[in-house]
Amino acid sequence: MKFNTKTIHAGQQPEETSGAVMPPIFQTSTYAQEAPNVNKGYDYARVGNPTRTALEKLIAGLEEADECACFASGCAAIDAVLKMFRPGDHVIASNDLYGGTYRLFTKVFQPMGVDFSFIDMTNMAEVEEAQSDKTKLLWIETPTNPLLRIVDIAKLASFARDRDILSVVDNTFASPCLQRPLILGADIVLHSTTKYLGGHSDVIGGAVATSNKEVMEQLRFQVKTTGAVPGPMDCYLTLRGIKTLSVRMRESVKNAKRVAVFLDEHPQVDQTIYPGLEHHPQYDIAKKQMDDFGAMVSFSLKGDSQEQAHAFMSRTSIFTLAESLGGVESLISHPASMTHASIPREVRQKAGLKDSLIRLSIGIEDADDLVEDLEQAFG
């Protein structure tokens, strides 16, 4: 099946008892058993739920994975992956990554003895220098959040595989519609399903997909033991959202290209960051490993102050000032004071995250209206 068909049909069958085309919402906490441990595949809803199973099969199909485990949030999914590691283990991660990931790594797992190196993963020399015999995981974001750097997944996955290191790619910004890391050699792919997969800013969730049986066994153990699972209604909403992923993403990317060109030519903009602009440092890598360039755009203002950024954002009307991304509506946010505020300023600055950097999540509105809204916000 081609991708558009997979968003509708991957891993999906009509419901057995009724023939329902969409998976029902199995709103139950437990299941009747014929005898102790003799059941129809489910015993307790923390461990498994048929609505969740349908979602897991769909996401696994989209990512070309054997299996998928769904979680209550993207952070819960990250937490489950990191719980595979022990004190003394070492993780190499992007220095430009989601602030919630950085917080979880440094405030929860680092005090427990897991060691982290935050580096520019577009630079293989830095990756090689950071690697040691204790390195167990490469944590890759691409495009990164919020600087939209593109990391060469195939090259890093090969580097990791040759050294018995696991590689995980947070694929939230691209979605499987534009990028499939497992095909490029990564071991694990992770999503905040809250974003492009759900697509309507109405549900929180996370997912981890892999064809590595040992990894999946550990993830299933975390599902059963720590219980950070999505409810059946959350799974149903995400399933419904995925059905339109391809058509939504196509329109959002088209709009993002228009917005990026507008910003790139604006006299008050210092820097426009979009992988689809030919002057982007990793344009060629993005063109090679992605089906298209995504719907996230970042830009900084001349003068580079938080006050400028806040004033600009207060003047938009179609762009909604809010955290998150990937919905049908366009959002505007200020990473330094919102999504990445948990990262110390000196760390942000060193990674290249300027005080005035503004991040746009481009939705499916009319592109003319989006450009006009930004134009008037410049004042």
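The values are calculated or read from the model by the stated rules, or taken from the named source; none is laboratory data. Since we're looking at a predicted model, the values are computed, not measured. Using ideal geometry, Cβ is built from the backbone for each residue, glycine included, and neighbour counts are taken over all protein chains shown. Protein only, heavy atoms only, side chains kept; ligands, DNA and RNA dropped before computing areas. Shrake-Rupley method; radii C 1.70, N 1.55, O 1.52, S 1.80 Å.
Can you give me the number of residues within segment 223-247 that are within 30 Å of His279 (Cα to Cα) and open to solvent by 20 Å² or more (accessible area, probe 1.4 Å)?
Residues of segment 223-247 within 30 Å of His279 (Cα to Cα): 245-247.
Filter again for open to solvent by 20 Å² or more (accessible area, probe 1.4 Å), leaving 247.
Counting residues in segment 223-247 that are within 30 Å of His279 (Cα to Cα) and open to solvent by 20 Å² or more (accessible area, probe 1.4 Å) gives 1.
Being over 11 Å from Thr193 (Cα atoms), polar (S, T, N, Q) and assigned to a helix (DSSP H, G or I) is the filter here, so list the residues in segment 219-247 that pass it.
Gln222, Thr225, Thr226, Ser246
Can you name every residue in segment 323-342 that is free of Cβ contacts under 8 Å to residues at least 40 places away in the same chain, among the aliphatic types (A, V, I, L, M) and in contact with a strand residue (DSSP E or B) (Cβ under 9 Å, 6 or more places away or on another chain)?
Those that are free of Cβ contacts under 8 Å to residues at least 40 places away in the same chain, among the aliphatic types (A, V, I, L, M) and in contact with a strand residue (DSSP E or B) (Cβ under 9 Å, 6 or more places away or on another chain): Leu331, Ile332, Met338.
Please state which one of Leu184, Leu148, Leu156 is assigned to a helix (DSSP H, G or I) and either within 21 Å of the chain's Cα centre (by Cα) or of a type in the set (A, V, I, L, M, F, W, C) (or both).
On inspection, the qualifying residue turns out to be Leu156.
Out of everything in segment 345-370 that is of a type in the set (A, V, I, L, M, F, W, C) and buried (at least 18 other Cβ atoms within 10 Å of the Cβ), what residue ends up being modelled with the lowest pLDDT?
We begin by selecting, within segment 345-370, every residue of a type in the set (A, V, I, L, M, F, W, C); these are 347, 351, 353, 357-358, 360, 362, 364, 367, 370.
Of the ones still in play, those that are also buried (at least 18 other Cβ atoms within 10 Å of the Cβ) are 351, 353, 357-358, 360, 362, 364, 370.
Working: Ala351: 76, Leu353: 83, Leu357: 91, Ile358: 95, Leu360: 98, Ile362: 98, Ile364: 98, Leu370: 98.
That would be Ala351.
When residues of segment 355-379 are filtered for being of a type in the set (A, V, I, L, M, F, W, C), touching a Ser or Thr at 6+ places or on another chain (Cβ under 8 Å) and under 24 Å from Thr244 (Cα atoms), how many remain?
As a first pass, look at segment 355-379 and keep what is of a type in the set (A, V, I, L, M, F, W, C): 357-358, 360, 362, 364, 367, 370-371, 374, 377-378.
With the extra rule that they be touching a Ser or Thr at 6+ places or on another chain (Cβ under 8 Å), the set shrinks to 357-358, 360, 362, 364, 370, 374, 377.
Checking which are under 24 Å from Thr244 (Cα atoms) leaves us with 360, 362, 364, 370.
Residues that pass the stated criteria total 4.
Going residue by residue through segment 233-249, is there one that turns out to be of a type outside the set (S, T, N, Q) and over 24 Å from Lys6 (Cα atoms)? Explain how you work it out, then say what you get.
If we filter segment 233-249 for residues that are of a type outside the set (S, T, N, Q), which is where we start, we get 233-237, 239-243, 245, 247-249.
Subset that is over 24 Å from Lys6 (Cα atoms): none.
No, every residue in segment 233-249 fails to be of a type outside the set (S, T, N, Q) and over 24 Å from Lys6 (Cα atoms).
May I ask you to list pairs of residues, at least six apart or on different chains, whose Cβ atoms are under 6 Å apart, with the first in segment 134-145 being part of a loop (DSSP other than H, G, I, E, B) and the second being small (Gly, Ala, Ser)?
Pro143/Gly294; Thr144/Ser94
Would you check which residues across segment 181-211 are open to solvent by 10 Å² or more (accessible area, probe 1.4 Å), at positive phi and either in contact (Cβ under 8 Å) with a residue 40 or more places away in the chain or touching a Leu at 6+ places or on another chain (Cβ under 6 Å) (or both) and list them?
Scanning segment 181-211 gives a single hit, Ser201.
Look at Ala76 and say whether it is farther than 22 Å from Leu156 by Cβ, assigned to a helix (DSSP H, G or I) and touching a residue at least 12 places away in the same chain (Cβ under 8 Å). Steps first, answer last, please.
Values: farther than 22 Å from Leu156 by Cβ: yes; assigned to a helix (DSSP H, G or I): yes; touching a residue at least 12 places away in the same chain (Cβ under 8 Å): yes.
Spelling it out, Ala76 is indeed farther than 22 Å from Leu156 by Cβ, assigned to a helix (DSSP H, G or I) and touching a residue at least 12 places away in the same chain (Cβ under 8 Å).
Hey, could you check segment 317-332 for residues that are of a type in the set (S, T, N, Q), surrounded by fewer than 19 Cβ atoms within 10 Å (Cβ to Cβ) and in a loop (DSSP other than H, G, I, E, B) and say which is modelled with the lowest pLDDT? Working first, answer last.
Quick first cut of segment 317-332, residues of a type in the set (S, T, N, Q) only: 317, 320, 324, 330.
Within this subset, residues satisfying the condition of being surrounded by fewer than 19 Cβ atoms within 10 Å (Cβ to Cβ) are 317, 320, 324.
From what's left, in a loop (DSSP other than H, G, I, E, B): 317, 324.
Numbers: Ser317: 97, Ser324: 94.
Only one residue fits best here, namely Ser324.
So which residues in segment 84-123 are in a helix (DSSP H, G or I), open to solvent by less than 60 Å² (accessible area, probe 1.4 Å), in contact (Cβ under 8 Å) with a residue 12 or more places away in the chain and not hydrophobic (A, V, I, L, M, F, W, C), if there are any at all? Steps first, please.
So the first thing to find is which residues in segment 84-123 are in a helix (DSSP H, G or I), and the list is 99-109.
From the residues that got through so far, the ones that are open to solvent by less than 60 Å² (accessible area, probe 1.4 Å) too are 99-102, 104-106, 108-109.
Next cut, in contact (Cβ under 8 Å) with a residue 12 or more places away in the chain only: 99-102, 104-105, 108-109.
Once the filter is applied, which keeps residues that are in a helix (DSSP H, G or I), open to solvent by less than 60 Å² (accessible area, probe 1.4 Å), in contact (Cβ under 8 Å) with a residue 12 or more places away in the chain and not hydrophobic (A, V, I, L, M, F, W, C), segment 84-123 yields Gly99, Gly100, Thr101, Tyr102.
I'd like to check something: does segment 150-168 contain any residue that is more than 21 Å from Glu323 (Cα to Cα), among the β-branched types (Val, Ile, Thr) and open to solvent by 40 Å² or more (accessible area, probe 1.4 Å)?
To start, the set of residues in segment 150-168 that are more than 21 Å from Glu323 (Cα to Cα) comprises 150-168.
With among the β-branched types (Val, Ile, Thr) added as a condition, the list becomes 150-151, 153, 165, 168.
Filter once more, keeping what is open to solvent by 40 Å² or more (accessible area, probe 1.4 Å): none.
Checked against the condition, which is being more than 21 Å from Glu323 (Cα to Cα), among the β-branched types (Val, Ile, Thr) and open to solvent by 40 Å² or more (accessible area, probe 1.4 Å), segment 150-168 yields no hits at all.
Give just the number: which of (1) open to solvent by less than 10 Å² (accessible area, probe 1.4 Å); (2) in a loop (DSSP other than H, G, I, E, B) does Pro267 not satisfy?
Only one criterion is unmet by Pro267, namely (1).
Gln306 versus (1) open to solvent by 40 Å² or more (accessible area, probe 1.4 Å); (2) over 20 Å from Leu197 (Cα atoms); (3) in contact with a Leu (Cβ under 8 Å, 6 or more places away or on another chain): which is the lone unmet condition?
Of the numbered conditions (1) open to solvent by 40 Å² or more (accessible area, probe 1.4 Å); (2) over 20 Å from Leu197 (Cα atoms); (3) in contact with a Leu (Cβ under 8 Å, 6 or more places away or on another chain), the odd one out for Gln306 is (3).
Name the pairs: first residue in segment 343-356 and among the aliphatic types (A, V, I, L, M), second residue in a loop (DSSP other than H, G, I, E, B), Cβ to Cβ under 6 Å, at least 6 apart or on different chains?
The qualifying pairs are Ala351/Asn95; Ala351/Asp96.
Among the residues of segment 5-27, how many are more than 19 Å from Asp66 (Cα to Cα) and either surrounded by 14 or more Cβ atoms within 10 Å (Cβ to Cβ) or touching a helix residue (DSSP H, G or I) at 6+ places or on another chain (Cβ under 8 Å) (or both)? Outline the logic, then answer.
Residues of segment 5-27 that are more than 19 Å from Asp66 (Cα to Cα), as a first pass: 14-27.
Still in the list and also either surrounded by 14 or more Cβ atoms within 10 Å (Cβ to Cβ) or touching a helix residue (DSSP H, G or I) at 6+ places or on another chain (Cβ under 8 Å) (or both): 15, 22-27.
Looking only at that region, the number is 7.
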